[in-house]
Amino acid sequence: MAIRAILFDLDGTLIDQFDAIHRAFALTLESMGFKKPGFEEVKKAVGGASEATMIKLIGKERAKEAVQLLRPIFEKEMLTGLKVLPGALDILKK
């Protein structure tokens with residue numbers, strides 16, 4: 001059988017993208033008038049969908065609104081500060 005697709009688990013497996021994730025959440029919340037969350041605060045809140053993270057950071061009331069703002073911000077920020085994890089390139093070459 002021919003290979004038809006290859007799936008990659010990127011963040012946390014092949015790359016570390018958390019600088020961009022933190023920056024996107026921080027920019028989103030600042031634009032909404034919330035205090036800029038710290039790196040560790042966002043890291044503790046992340047898990048599951050973006051809305052679940054927003055609920056942990058700002059509560060349920062404005063979480064959906066925040067996610068709508070987050071998406072385009074993350075698209076702009078997603079490659080900034082991206083780090084390839086040790087050994088990832090070697091695995092991909094093989």
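Only the coordinates and a few stated rules stand behind these numbers; no lab work does. Predicted, not measured: the structure shown is a model, and the values here were computed from it. Neighbour counts run over all protein chains shown; Cβ positions are idealised from the backbone, glycine included.
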Completion exercise
Percent relative contact order for segment 15-79, counting Cα pairs under 8 Å at least six residues apart, stands at 41
Exercise for the section: Treat each spin label as a single point 7 Å out from the Cα along the C-beta direction, and report the LEU82 to LYS64 distance in nm. Expected result: 3.2
Exercise for the section: Enumerate the calculated ³J(HN,Hα) couplings along segment 9-22 in order (Karplus 6.51 cos²θ - 1.76 cosθ + 1.60, θ = phi - 60°), each rounded to whole Hz, writing x wherever the residue is Gly or Pro. Expected result: 9, 7, 5, x, 10, 9, 9, 10, 10, 5, 4, 5, 4, 4
Completion exercise
With -39,500 (n - 2.57) per DSSP H segment of 4 or more residues and division by the full residue count of the chain, the 222 nm estimate, nearest 500 deg cm²/dmol, is -16000 deg cm²/dmol
Exercise for the section: Treat the count of other C-beta atoms within 10 Å as a stand-in for reagent exposure and order ASP90, ASP16 from fewest to most. Expected result: ASP90, ASP16
Exercise for the section: About the Cα centre of the chain, how large is the charge dipole given +1 on each Lys and Arg Cβ and -1 on each Asp and Glu Cβ? Please answer in debye to the nearest 20. Expected result: 100
Handout entry: Using a Förster distance of 30 Å, the FRET efficiency for ALA49-ILE3 (Cβ separation, nearest 0.05)
Key = 0.50
Fill in the blank from the handout: For segment 23-93 the trypsin sites (Lys or Arg not before Pro) that pass both the DSSP coil test and the at-most-14 other-Cβ-within-10 Å test are LYS35, LYS60
Problem - Gyration tensor verdict on segment 15-79 (Cα atoms; rounded if a/c is under 1.5, prolate if a/b is larger than b/c, oblate otherwise) - result: rounded
